[in-house]
Amino acid sequence: MPVNLNPEQQKAVETTEGPVLVLSGAGTGKTRVLVTRVAHILTAGLAAPWQILALTFTNKAANEMKYRITDMLAKTPGNFFARDLWCGTFHSVCLRILRVNAARAGLRPDFIIFGEDDQKSVLKTVFANMGAGSKEMDAGEWVEKISNIKDRGRMENLDIGARTKQVLDEYNAELRRQGALDFGDIILLTLELFEKAPDIREKYAGQFKYIMVDEFQDTNNAQMQFLKSLTRDNPHPNICCVGDDDQSIYSWRGAEIKNILDFDKTFPGAQIIRLETNYRSTANILGAANSLIRHNDGRLGKDLRPADEKAVGDPVYVLTVPSNYDESRLVADTIARYADGKYSDFAVLIRSGSLSRGFEEEFAAAHIPYRLVGTTKFYDRMEIRDVIAYIRLLAHPEDDVSFARIITRPRRGFGASAIAKMRAAGGSLFNGLRMAGFGGKQGVAANEFLSTFDFDWQQMRPKDAVTKLLEDSGYMKFWRESKEAEAEERLSNIRDLLTNVIPNYDTLPDFLEHAALMTTDENDSEKSDDTQAVNIMTIHAAKGLEFDTVFLPAWEDGIFPNEKSIKEGGMEEERRLAYVALTRAQRRAIITNTMSRVIFGSRQYYPPARFIAEMDGRYLDFGGRTPQTKQEPVHHAHKQHKTHVQETMVGKLVTHPELGRGVVIEKNNNILTIAFNKFGIKKVAQDFVEFITE
């Protein structure tokens, strides 16, 4: 067994008996601890490989753990094989149990697992049997709803409406008729098996002498019930859960932070071991992250410290620029200047995928290779490809590829046989539609479609022409009336294209040329052998990764933290997300915000993210500007309190470089509420205004 563990890691490895919670901060070597702990248990003779259950959240993590355990065991005495471990995801382990005990679980031995597309197909059958149409019941929304219900695990009183229960019951019945399970069934049916067959539960509870769980903060109710079921006969079970309450960022997919916060209540007498030595980031980055996360109440508490105390490093830079265009240009220029070909050292971490477009455009213009992770590239999004196809057909009626794509978006009653009839009429499909002589509803639909393109688009502004095309074709109406969960986001992307991209081009052919360049292999890092590419990714997708330099754009109240969290009380998870973003950086973190941001064609003014003011100013560099007022790192620091000094600013005249003159009507810390002469009441950071003395 390796000896180069720090004292806290060594304690986590050797504390094998009873319940243990290892609070593992970002970059503190949790995987090394888990792997070494398994090796220690085996070499100390505490258990055989098949008596160890190691649970992870991804197959990739499970395979990595097996590989590292195999490598470590090869260097230690004993004849152990990692393949004999029960190491896998919750779902893979439960699936293994169900396969062996299918008959006792009431399942066919050859049951299959249905994916999302299969689930939608089943639901459409259910809706049809219920007499409900696709407009009334959206299959995609119901897949998510059913998944959320099943992630709750076994519940004595299922708190769902009668309509939902009817759909769920008929959906489950249709799955069983087809000999299938969905993903949510795998754990749920294992729990049901354990309840109706106590001997099977006791068999596995007795087999697993040691249970280990990685990323414990991400467990949902069903997964927690599985762990409780395996340990409930043992008042002092040997269960070791490794996780970080400060990195719990997946509540939207069912993760319950209370599982880690209440660990010592669930498992009385539990030992809590904190891993606080960080091997990734510099002291300034860790200092900023620590001071930020202290504002959360829902945490067990720990402070990260650098392994090398001399590695103070650069401060966290906080830069304010005039607009989102300047923001993406600043990032692109900085990378172009300092990358020296090592583009993969840089990452741009965004709160949501909708923020990626500006960086994609700037990187493409500057010939900076990039890859997009955690979201779809702007020009690869279905709705953007649809709009481009509409424009291409408008400019080039002979474009059969675009015609075939949009004739069914929205549906107009033209299937494969109708397309064949158009082809037989000769010429392009567009001309074939005109010449095929469709009658009835198809004839009406054909005339409506053809008339949509019958206008002098070359005499119009590109934006106006495309807007008319999308409205007259019914495409915008289709998404406005869609019940698809992503419909509003798709509409937002289309508006972004209409208001922020197309107006930059004099003609539609100019725009189409630009769009073609943005979708070539040259800009597709997934198809490139060049591993050197800047990573543009959502913060959620970046969890577990690290980069030399991290850009953190759009740190503005209303964007990050987002408006919903501000209004509905989700600030603690947003703050944890900011903490995760900061701790991805090894040497340099650069936060940016803008004085104004164009969103859907409208210029918006967001104040700097409150997270900036919550960080200890000793670790920050505001690029020569006066830093914002620092809040002390105490609980409830996000609550605003007026002081006598703040009140004396009320009534002062100010001027803003874009909003003009106004008067201060309220001040909360560094945020001023100002009544502007032309733009009404806005909240603006004090740094961005000048006081007028007259």
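When you check Trp142 against the structure, is it in a helix (DSSP H, G or I), in contact with a Phe, Trp or Tyr (Cβ under 7 Å, 6 or more places away or on another chain), farther than 30 Å from Leu545 by Cβ and among the hydrophobic types (A, V, I, L, M, F, W, C), yes or no?
Working: in a helix (DSSP H, G or I): yes; in contact with a Phe, Trp or Tyr (Cβ under 7 Å, 6 or more places away or on another chain): no; farther than 30 Å from Leu545 by Cβ: yes; among the hydrophobic types (A, V, I, L, M, F, W, C): yes.
Judged against the criteria, Trp142 is not a match.
Can you pull out every residue in segment 307-325 that is closer than 22 Å to Val684 by Cα and surrounded by fewer than 16 Cβ atoms within 10 Å (Cβ to Cβ)?
Passing the criteria: only Pro322.
Need at least 3 residues that are modelled with pLDDT under 90, out of contact with any Pro (no Cβ under 8 Å at 6 or more places or on another chain) and under 30 Å from Arg597 (Cβ atoms) per element, so show me which helices (runs of 4 or more DSSP H) inside segment 410-522 make the cut, counting only ones lying wholly within it.
Working: elements: 416-424, 429-435, 440-452, 462-472, 475-481, 487-496, 508-518.
By residue number, 487-496, 508-518.
Can you pull out the residues in segment 415-467 that are over 41 Å from the mean Cα position of the chain (by Cα), under 19 Å from Ile391 (Cβ atoms), surrounded by 18 or more Cβ atoms within 10 Å (Cβ to Cβ) and not hydroxyl-bearing (Ser, Thr, Tyr)?
Within segment 415-467, just Leu433 meets the criteria.
For segment 230-239, what are the residues that are buried (at least 19 other Cβ atoms within 10 Å of the Cβ), in contact with a helix residue (DSSP H, G or I) (Cβ under 7 Å, 6 or more places away or on another chain) and not β-branched (Val, Ile, Thr)?
Leu230, Pro237
So Ile41 fits all but one of (1) touching a residue at least 40 places away in the same chain (Cβ under 8 Å); (2) part of a helix (DSSP H, G or I); (3) open to solvent by 20 Å² or more (accessible area, probe 1.4 Å); (4) under 30 Å from Pro235 (Cα atoms); what number is the exception?
(3)
When you check Leu98 against the structure, is it among the aliphatic types (A, V, I, L, M) and either over 31 Å from the mean Cα position of the chain (by Cα) or within 29 Å of Glu192 (Cβ to Cβ) (or both), yes or no? Give the steps one after another, and end with the answer.
On the way: among the aliphatic types (A, V, I, L, M): yes; either over 31 Å from the mean Cα position of the chain (by Cα) or within 29 Å of Glu192 (Cβ to Cβ) (or both): yes.
Taking the combined requirement at face value, the residue satisfies it.
Checking the condition within 35 Å of the chain's Cα centre (by Cα) and under 19 Å from Leu188 (Cα atoms), which residue from Ile69, Ile113 passes? Before the answer, list the steps.
Working: Ile69 fails: under 19 Å from Leu188 (Cα atoms).
After applying the criteria, what remains is Ile113.
Would you check if there is a residue in segment 74-83 being open to solvent by less than 70 Å² (accessible area, probe 1.4 Å), among the small types (Gly, Ala, Ser), at positive phi and modelled with pLDDT under 85?
Let us first name the residues in segment 74-83 that are open to solvent by less than 70 Å² (accessible area, probe 1.4 Å), namely 76, 78, 80, 82.
Those still in the list that are among the small types (Gly, Ala, Ser) too: 78, 82.
Next, from what is left, pick out any that are at positive phi: 78.
Okay, now just the ones that are also modelled with pLDDT under 85, so 78.
Yes, segment 74-83 contains at least one residue that is open to solvent by less than 70 Å² (accessible area, probe 1.4 Å), among the small types (Gly, Ala, Ser), at positive phi and modelled with pLDDT under 85.
Can we say Tyr343 is in contact with a helix residue (DSSP H, G or I) (Cβ under 6 Å, 6 or more places away or on another chain), among the aromatic types (Phe, Trp, Tyr) and touching a residue at least 40 places away in the same chain (Cβ under 8 Å)? Outline the logic, then answer.
Numbers: in contact with a helix residue (DSSP H, G or I) (Cβ under 6 Å, 6 or more places away or on another chain): no; among the aromatic types (Phe, Trp, Tyr): yes; touching a residue at least 40 places away in the same chain (Cβ under 8 Å): yes.
Here the answer is no, as Tyr343 does not meet what is asked.
Scan the strands (runs of 3 or more DSSP E) fully inside segment 574-621 and keep the ones with 1 or more residues being β-branched (Val, Ile, Thr).
Working: elements: 585-594, 597-599, 602-604.
In segment 574-621, the matching strands (runs of 3 or more DSSP E) lie at 585-594, 597-599.
Among the residues of segment 149-196, which ones are in contact with a Lys or Arg (Cβ under 8 Å, 6 or more places away or on another chain), more than 17 Å from Asn101 (Cα to Cα) and in a loop (DSSP other than H, G, I, E, B)?
Leu158
The values are calculated or read from the model by the stated rules, or taken from the named source; none is laboratory data. Since we're looking at a predicted model, the values are computed, not measured. Please note: Cβ atoms are built from the backbone with ideal geometry, for glycine as well, and neighbour counts cover all protein chains shown. Ligands, DNA and RNA are stripped out before the accessible areas are found, and what is left, the full protein with its side chains, is counted by its heavy atoms. Shrake-Rupley method; radii C 1.70, N 1.55, O 1.52, S 1.80 Å.
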